[in-house]
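Enquirer: Mind having a look at this structure? Questions to follow.
The values are calculated or read from the model by the stated rules, or taken from the named source; none is laboratory data. All figures in this text were calculated on a predicted structure; none of them were measured in a lab. A quick note on method: Cβ atoms are made from the backbone with ideal geometry, for glycine too, and the neighbour counts reach across all protein chains shown.
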């Protein structure tokens, strides 16, 4: 979703041809996402008209499913590929706007709480993934990439780390495929487990934010449970994303010591370069909302805009998941990923359940 | 790329927020 290129200009979203090239894919994202929203509304309207109780399947799931159908049947047309890749951009814009729904004090309190859980989760993920990588004799750098992907924020963390530890393209694509496959599975599995355990929105959201690796999937898995759970998932995941620089730096220094990567000249600059800047925007909007800068109606408008932005994201999640391409990546990284993620999901679930017992 | 995309997302979100604040954007339905 992102690369570790440090050159700032030219901007990814300029004007003219660069922008025009993105349009077809953005239109496809909108079409698929909107079709998902229409489907949810149509089913609800049908149920009301015929007085039957139909399961309320959120637009989130429809958008992902329609995206999956397109990408795994006719495929994403090449003219749309560049635009479809913008789904992460919409996710970030949506998260910034979602800040309007948080009181800054809550963000700092819950974010701080999440960060404590994140630190534990990071330690567990790195230990589990490293051990599994050794057992299954994966290349050491692939193991590092899987650990980074599982501990922080999936694809962007892997891509950020790839440059920092001089990993092969092949290792990076293996690790990304494993993380994406697991993300797709967790979308369907996590809400079922959450409902089976009768988890509160806050507990479920925190669990998703800690255990689902990719931000888009974490946002979707949270929103599938409830709006409130989606908010908590975004907050926990954002806190987790904020640690990306530290973990990637740690791995970079580890590989420098082993002679497998070029040195890091300026650690502070490195941390700033890897820091997800949209987190700052999220905090700033939350601060403005807390200070009463927006009226209630304006806050609702901004929250709705955030939902529209997420609509593009969820369509993108389906559109860029190609089952055959994932299957081609081989089974060993996937086995390590599945085993590791099961352990991480179980441990983080236990952490969240214990924490909720103490806080209630 | 990461830097610029992140910043552009922030710029877009704040532009939208400014438009909403100034009343330049009509009510956003969902």
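Enquirer: Please tell me if residue A:336 is under 17 Å from residue A:147 (Cβ atoms) and either surrounded by 21 or more Cβ atoms within 10 Å (Cβ to Cβ) or out of contact with any strand residue (DSSP E or B) (no Cβ under 8 Å at 6 or more places or on another chain) (or both).
Expert: yes
Enquirer: Here is a further query. Identify, by number, the condition in (1) buried (at least 18 other Cβ atoms within 10 Å of the Cβ); (2) within 14 Å of chain B (Cβ to nearest Cβ); (3) farther than 21 Å from residue B:5 by Cα that residue A:304 doesn't meet.
Expert: (1)
Enquirer: Further, regarding this structure: I'm trying to understand the selection: among the residues of the range A:264-286, which are in contact with a helix residue (DSSP H, G or I) (Cβ under 6 Å, 6 or more places away or on another chain) and surrounded by 17 or more Cβ atoms within 10 Å (Cβ to Cβ)?
Expert: If the condition is that a residue be in contact with a helix residue (DSSP H, G or I) (Cβ under 6 Å, 6 or more places away or on another chain) and surrounded by 17 or more Cβ atoms within 10 Å (Cβ to Cβ), then A:270, A:274, A:275, A:276, A:277, A:278, A:279, A:281, A:282, A:285, A:286 are the ones that fit.
Enquirer: Let me ask something additional. Here is a list of conditions, (1) loosely packed, with under 12 Cβ neighbours inside 10 Å; (2) under 16 Å from residue A:80 (Cα atoms); (3) at pLDDT 85 or above, and residue A:17 meets all of them except one; can you say which number that is?
Expert: Result: residue A:17 passes all but (3).
Enquirer: Could you check residue A:151 against (1) within 16 Å of the chain's Cα centre (by Cα); (2) over 30 Å from residue A:171 (Cα atoms); (3) away from every other protein chain (no Cβ under 14 Å) and say which number it fails?
Expert: (2)
Enquirer: Under 27 Å from residue A:178 (Cβ atoms), at pLDDT 90 or above and either more than 9 Å from every other protein chain (Cβ to nearest Cβ) or exposed (fewer than 14 other Cβ atoms within 10 Å of the Cβ) (or both), is that true of residue A:289?
Expert: no
Enquirer: Let me ask another. Within the range A:272-295, how many residues are closer than 19 Å to residue A:89 by Cα, part of a loop (DSSP other than H, G, I, E, B) and without any contact (Cβ under 8 Å) to a residue 40 or more places away in the chain?
Expert: Summing the residues that are closer than 19 Å to residue A:89 by Cα, part of a loop (DSSP other than H, G, I, E, B) and without any contact (Cβ under 8 Å) to a residue 40 or more places away in the chain in the range A:272-295 gives 2.
Enquirer: Is it the case that some residue within the range A:249-271 is within 14 Å of residue A:154 (Cα to Cα) and part of a helix (DSSP H, G or I)?
Expert: no
Enquirer: If you take the residues of the range A:56-101 that are outside any helix (DSSP H, G or I) and within 14 Å of chain B (Cβ to nearest Cβ), which of them is nearest to residue A:300 (Cα to Cα)?
Expert: A:58
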